[in-house]
Amino acid sequence: MKLSMSSLDIMVCVRELKNAIGSRVENVYEIEGAVILRLYSKERGRQDLVIQPGCRIHLTTRVYQAPKQPTSFAMLLRKHLENAEILDIVQPDFERIVEIRFGGEGKILIAELFGEGNIVLCDSQRTIIQPYRTAAWRHRSLKAGFPYLYPPGTDVDLSGLDAAGLKGKLDGAQDIVRGLAVNLGLGGPLAEEVCARASVGKGLKIDELSEKELKDILNALKEVLSSDPAPCIVYEGDQPVDFTPFEFKTHLGRKVKRFSSFNEALDEYFSTVAVMAASESRKKDYERKVERLLKRQLEQQQQFGDLYKRSSESKRKADLIAIHHFQIDEARKMLDQLRRAKGWQGALEAFQKAKEARESWTLPIKSVDFKEGKMEVELAGETIELDLRAPAFENSTRYYKEYRTLAEKAVGTRKALEETEKELEALRAGIREIEVPPPPKRRKPKWFERHRWFISSDGHLVIGGRDAQGNAEIVEKHMEPNDLYLHAEIIGAPHVVVKSAGKEIPETTIVEAAEFAAMHSRAWREGLGTLDVYWAKPDQVSKKAPSGTYLPKGSYIIQGKKNLLKVPVRAAVGVMMLDGENVVVCGPKSAVQKHSKVFVEVYPGSTKKSELARQIQVKFRIEGIEVPVDEIERALPPGTGEIRE
């Protein structure tokens with residue numbers, strides 16, 4: 001199974017990643033050893049770029065749960081890259097390295113995708129600010145304050161290589177495929193594909209290659225590198241084992257899944273592999289737990305069996321002693337008389353003679369030890385050791401005490417065994433949880449999410465522009481004859497449109513749309529309490545200025561009567577469900593309250609927008625709803641504000 005990207009994979013991926021040039025970094029997270037850059041641009045919306053050192057770099061549509069506490073490296077990247085614009089993304093010299101170059105202060109983020117890998121943040125002079133992990137070798141050091149140096153590479157210009165140069169670069173390799181993989185840095189799969197396309201045996205020695213074969217290898221290599229991408233994932237059975245930017249001849253006849261972009265293929269492949277690895281880890285953990293519980297169960301079963309047997313034996317002995325107490329006490333009396341009269345040795349000899357004579361009192365006695373004060377008797381086939389110095393009932397009581405102690409231990413062991421069996425049953429019942437679901441794919445945003453928006457309490461979509469371009473798009477592209485147009489009576493306000501969707505627009509929606517127009521205007525920054533907002537019909541909105549006057553770009557003139565409303569400047573931020581996903585929405589309280597389980601009222605104030613967003617996130621989190629702080633900040637009205645309870 002392929003676990004990291006080759007130089008070819010990186011080359012094709014970087015070509016696609018250049019579409020992210022112009023995007024800005026909104027946030028940075030570190031999740032399970034991977035760094036995720038949350039990017040945003042007006043043209044493409046939100047994109048997440050995942051970088052896993054030594055493994056991969058690609059855009060992802062998966063929704064990863066952001067950690068409650070960011071790592072120190074994520075915080076460092078936020079500090080240096082937040083709001084920085086991507087100027088370029090490059091792969092230096094066909095190496096397994098990707099550089100992301102930013103505007104502003106010219107920071108460079110370098111992803112090393114070979115070996116253990118690393119992520120290194122550098123300044124514009126390529127001095128290391130901080131690596132993901134500190135490391136040092138003879139030829140370079142990845143430490144803060146040191147210049148960033150590339151690792152010793154293959155030093156091969158593939159585009160300018162001829163047959164003689166190729167043979168020189170392959171010199172010393174064990175065979176052709178290893179020479180291509182290692183000496184030219186192509187990696188195993190691409191080296192095998194080049195050999196297959198050139199019809200050259202991959203096990204050939206370098207000295208055995210003819211000039212024609214060398215040229216065929218070069219042509220095959222150039223053919224691969226110049227091919228149009230045809231990304232796919234290769235499977236063995238139902239398991240993905242490889243991903244390629246092109247269809248390889250070495251994969252003919254194998255099950256493949258094709259994708260429209262290489263980033264999509266990488267995203268699905270590594271998401272699936274991560275799920276498989278997590279599932280395998282859980283499976284091994286499950287097997288270890290089952291093995292441990294089975295071992296404990298066996299030990300407890302054996303312990304319970306032993307305690308039960310011993311307690312039963314002790315009780316039987318106690319019962320037999322109690323039943324035959326007269327015989328026992330008679331035998332003790334006779335032995336005591338002999339001991340007193342003849343001493344230990346004489347008493348023992350006298351006992352043996354009486355035993356041989358089969359005197360009745362000796363019949364239950366098997367042996368006597370006067371010195372230790374013990375004797376063994378056989379009662380109903382059971383051999384029992386007794387204390388000569390104690391009467392029968394005291395001996396019986398001793399065995400009863402032993403029985404109770406052992407029985408209590410047996411009961412405790414039985415309870416422990418039952419708990420173990422319950423643990424096993426619960427563990428086996430939860431075996432389905434071993435399969436780890438992949439992170440869900442981020443839903444495709446609705447067209448109106450590029451703009452400011454909310455859903456009115458009557459169910460109408462209301463949209464407003466974020467900038468001049470968005471304002472023009474809303475009026476000229478999305479406003480239809482049965483809609484309504486609104487604008488606040490202040491310079492610096494969005495154009496707002498209420499979508500009718502073929503239905504009559506009620507007064508409650510018009511008032512809510514007016515509040516929406518006010519909250520996203522300059523009135524919020526200026527801390528105004530109320531604002532006049534007017535509404536008109538689409539056919540009243542015109543780009544044509546009256547004769548002899550000039551209409552600024554992005555402005556419109558209203559022909560006819562304006563319908564004025566005075567509304568408060570306030571807002572509510574909530575979380576509503578859209579296509580099964582939590583989405584942050586900002587609008588009038590009545591509308592947000594209608595569609596959100598939880599909401600926070602916000603007013604103009606002095607708290608910075610970023611801090612205000614964090615405060616709102618905490619309130620949502622208390623209610624069990626987790627949404628990214630940057631999405632809250634993006635939805636808020638422009639400028640500072642405050643929460644009012």
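The values are calculated or read from the model by the stated rules, or taken from the named source; none is laboratory data. Because the structure is a prediction, the values reported are computed rather than measured. No Cβ is skipped: glycine too gets one built from the backbone with ideal geometry, and neighbour counts run over all protein chains shown.
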Exactly one condition in (1) assigned to a strand (DSSP E or B); (2) among the basic types (Lys, Arg); (3) more than 28 Å from THR640 (Cβ to Cβ) is not met by LYS503; state its number.
(1)
Might you let me know whether the stretch 501-511 holds any residue that is within 22 Å of GLN593 (Cβ to Cβ), surrounded by 24 or more Cβ atoms within 10 Å (Cβ to Cβ), in contact (Cβ under 8 Å) with a residue 12 or more places away in the chain and hydrophobic (A, V, I, L, M, F, W, C)?
no
Check off (1) in contact (Cβ under 8 Å) with a residue 12 or more places away in the chain; (2) under 37 Å from the mean Cα position of the chain (by Cα) for ALA220 and give me the number that stays unchecked.
(2)
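Assess whether LEU335 counts as being assigned by TED's automatic domain parsing to the domain that holds TYR399 and either of a type outside the set (S, T, N, Q) or closer than 30 Å to GLU32 by Cβ (or both).
The answer is yes for LEU335.
Just name the residue that is farthest from the chain's Cα centre (by Cα) out of those in the stretch 232-252 that are assigned to a loop (DSSP other than H, G, I, E, B) and at negative phi. Walk me through it before giving the result.
If we filter the stretch 232-252 for residues that are assigned to a loop (DSSP other than H, G, I, E, B), which is where we start, we get 237-238, 245-248, 252.
The next check asks that each one be at negative phi; those that pass are 238, 245-248, 252.
Numbers: ASP238: 23, PRO245: 26, PHE246: 29, GLU247: 31, PHE248: 32, LEU252: 34 Å.
If we take residues in the stretch 232-252 being assigned to a loop (DSSP other than H, G, I, E, B) and at negative phi, then LEU252 is farthest from the chain's Cα centre (by Cα).
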Filter the stretch 215-266 for residues that are modelled with pLDDT of 90 or more and among the aromatic types (Phe, Trp, Tyr); the one that is surrounded by the fewest Cβ atoms within 10 Å (Cβ to Cβ) is TYR235
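I'd like to check which strands (runs of 3 or more DSSP E) are fully inside the stretch 353-419 and have at least 2 residues that are closer than 19 Å to GLU330 by Cα and in contact (Cβ under 8 Å) with a residue 60 or more places away in the chain.
Numbers: elements: 365-369, 374-379, 382-387.
Because the criterion is at least 2 residues that are closer than 19 Å to GLU330 by Cα and in contact (Cβ under 8 Å) with a residue 60 or more places away in the chain, the strands (runs of 3 or more DSSP E) in the stretch 353-419 that meet it are 382-387.
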The stretch 451-472, subset surrounded by 18 or more Cβ atoms within 10 Å (Cβ to Cβ) and in a helix (DSSP H, G or I), residue nearest to the chain's Cα centre (by Cα):
GLY470
Cβ-Cβ distance below 6 Å, separation of 6 or more or different chains: which pairs start in the stretch 631-645 with a residue that is crowded, with 22+ Cβ neighbours inside 10 Å and end on one that is assigned to a helix (DSSP H, G or I) and modelled with pLDDT of 90 or more?
ILE632/ALA613; ILE632/ILE616; ILE632/GLN617; LEU636/LYS609; PRO637/MET519; PRO637/TRP524; GLY641/LEU612
Do you know which residues across the stretch 91-100 are at pLDDT below 95 and outside any loop (DSSP other than H, G, I, E, B)?
PRO92, ASP93, PHE94
Being assigned to a strand (DSSP E or B), buried (at least 21 other Cβ atoms within 10 Å of the Cβ) and touching a Pro at 6+ places or on another chain (Cβ under 7 Å): is that true of ALA517 here?
no
I'd like the full set of residues that are of a type outside the set (D, E, K, R), in contact with a Lys or Arg (Cβ under 8 Å, 6 or more places away or on another chain), closer than 19 Å to LYS2 by Cβ and without any contact (Cβ under 8 Å) to a residue 60 or more places away in the chain, limited to the stretch 185-217.
ALA191, CYS195, ALA196
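Taking into account only those residues within the stretch 41-90 that are assigned to a strand (DSSP E or B) and touching a Pro at 6+ places or on another chain (Cβ under 9 Å), which is surrounded by the most Cβ atoms within 10 Å (Cβ to Cβ)? Quick ask: steps written out before the conclusion?
First, the residues of the stretch 41-90 that are assigned to a strand (DSSP E or B): 41, 45-52, 56-60, 62, 85-90.
Narrowing the set further to residues that are touching a Pro at 6+ places or on another chain (Cβ under 9 Å) leaves 45-46, 60, 62.
Numbers: GLY45: 13, ARG46: 18, THR60: 23, ARG62: 17.
Checking each candidate, the answer is THR60.
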How many residues, within the stretch 358-390, are farther than 11 Å from GLN327 by Cβ and among the hydroxyl-bearing types (Ser, Thr, Tyr)?
2
